[in-house]
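Read through the structure below, which is laid out as structure tokens, and then see the notes.
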Amino acid sequence: MRRYLAPMEGITGYVFRGVYRSCFGGMDKYFAPFVSPNQTGKLGPRERRDLAPENNQGMYTVPQILTNSAEDFIRTARTLKSMGYGEVNLNLGCPSGTVVSKGRGAGFLAYPGKVDQCLYQIFSELDMKISVKTRLGMRDPEEFWPLLDIYNKYHMEELIIHPRVREDYYKNTARMDAFEQAFVCSKNPLCYNGDIFRKADMDKVEGRFEGLSAVMMGRGIVAYPGFLSGEDDPGRAKERLRQFHDCLYEANCRVYLKEAGPKVVLFKMKEVWCYMIYAFKDGAKPGKRIKKARQIEEYLAAVTAIFRECQVVPGGNYRGAIS
């Protein structure tokens, strides 16, 4: 079963992807955070840098496009194809309020007829591999079955399902029974996405859905990047996590320190710590020092303290923080 890194805006950019690959590897695909198309099909400076081939060497990177316009998707996909990409992904899953209010991401799922029209045009005009990342619907998982009938009309590279509705955001638990029904009825290869925080979680999904194409992991990987190794020794787990942190910090410094300044480096690292703090037992209180740090020196001192004072929980305890 293949393993994919999920796209997480502001976190899993090319710096994170490259460091993760060098420290742990093991991902078959790395999905980049979404591109928001414009009417020219051109990428902005940030997007172009994130997807520049030289910044993604050695990784099968899949750009994700967030739009409800077939024309904008096609123009942007063709730009990406000219950069060497053979596969693109349509985001029909983002639950963000600002995205949904514009009828994009999970918000587009409220209009199945428009989704069908959009996919028809995309699949008719593009000669590329196209995957779709979707939720079950906006409010009720029963919304998914007409959508699945639509998805089944098109020959997708794969259909990536996060089995929650938009109103769930990331709360409660993934709706595994709905995914099971989709697994039976889908004509496209399926990838499962959602609540994979430990290797045991992935093994459970793999055992339940024999023949599943792939599993995509996001929050669990950021919370504890080494969990796929199945490392059980807390001391070794802490050592590997510290190594990953230091490599990520140094890479962010190389990319952003001179160009954008220390505040950007701090912002990038704090975004990761929103999840990585759950790799530590009793890490909430010392983690506040990281959150409050305003200078690089304060940040590094806070990081040193948490690695010195707190025990790493192999596999992390992020599941407990959201249940």
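Here, each number is a calculation from the coordinates, and none is a lab measurement. The shown structure was predicted, so the numbers you read here are calculated from the model rather than taken from an experiment. We place every Cβ from the backbone using ideal geometry, glycine too, and count neighbours over all the protein chains shown.
Brief remarks follow.
- Calculated [θ] (222 nm, deg cm²/dmol) that DSSP helices of n ≥ 4 give over the chain, each run adding -39,500 (n - 2.57): -13000 deg cm²/dmol
- Where Rh is the Kirkwood radius over Cα pairs, Rg/Rh for the chain: 0.96
- Global form of segment 267-311, assessed from the alpha-carbon gyration tensor, a/c cut-off 1.5: oblate
- Per residue, the average separation of C-alpha pairs within less than 8 Å and at least 6 apart gives segment 151-266 a relative contact order of 19 percent.
- Within segment 8-125, the ratio Rg/Rh, alpha carbon atoms throughout and Rh by Kirkwood, equals 0.98.
- Cut-off 14 Å (backbone N to label point 7 Å along Cα→Cβ of Phe267), residues of segment 11-28: 11
- Approximate spin-label separation Arg78-Arg48, in nm, with each point projected 7 Å along Cα-to-Cβ: 1.8
- Backbone HN-Hα couplings from phi across segment 271-288 [Karplus 6.51/-1.76/1.60, Hz, Gly and Pro as x]: 4, 5, 5, 4, 9, 5, 4, 7, 7, 10, 6, 6, x, 4, 5, x, x, 5
- FRET efficiency, Arg242 to Trp145 (Cβ-Cβ, R0 56 Å, nearest 0.05): 0.75
- When the chain is treated as a Gaussian network with alpha carbon springs shorter than 10 Å, the biggest mean-square fluctuation among Phe267, Phe197, Phe16 belongs to Phe267.
- Taken along its three principal axes, the alpha carbon spread of segment 50-192 comes to 41, 31, 29 Å, from the longest extent down to the shortest.
- Cα gyration tensor shape of segment 230-303, rounded if a/c is under 1.5, else prolate or oblate by comparing a/b with b/c: oblate
- Estimated vicinal HN-Hα couplings, Hz - segment 182-196 in sequence order (Karplus 6.51, -1.76, 1.60; Gly, Pro = x): 5, 4, 6, 9, 6, 8, 9, x, 9, 10, 8, 9, x, 6, 9
- Cα-based Rg of segment 112-164 normalised by 2.2 N^0.38 Å, two decimals: 1.12
- Label point 7 Å beyond Cα of Lys187 along Cβ direction - residues of segment 101-127 with amide nitrogen under 19 Å: 112-126
- In a DSSP loop and with at most 14 other Cβ atoms within 10 Å, there are no chymotrypsin sites (Phe, Trp or Tyr not before Pro) in segment 23-54.
- When you count the other C-beta atoms within 10 angstrom of each residue and take the mean per peptide, 75-82, 148-155, 162-169, 244-251 line up highest first as 162-169, 75-82, 244-251, 148-155.
- When DSSP beta bridges are restricted to pairs lying wholly in the chain, around 5% turn out antiparallel.
- Put a dot 7 Å past the Cα of Ala284, heading toward its Cβ, do the same for Asp233, and the two dots end up 3.2 nm apart.
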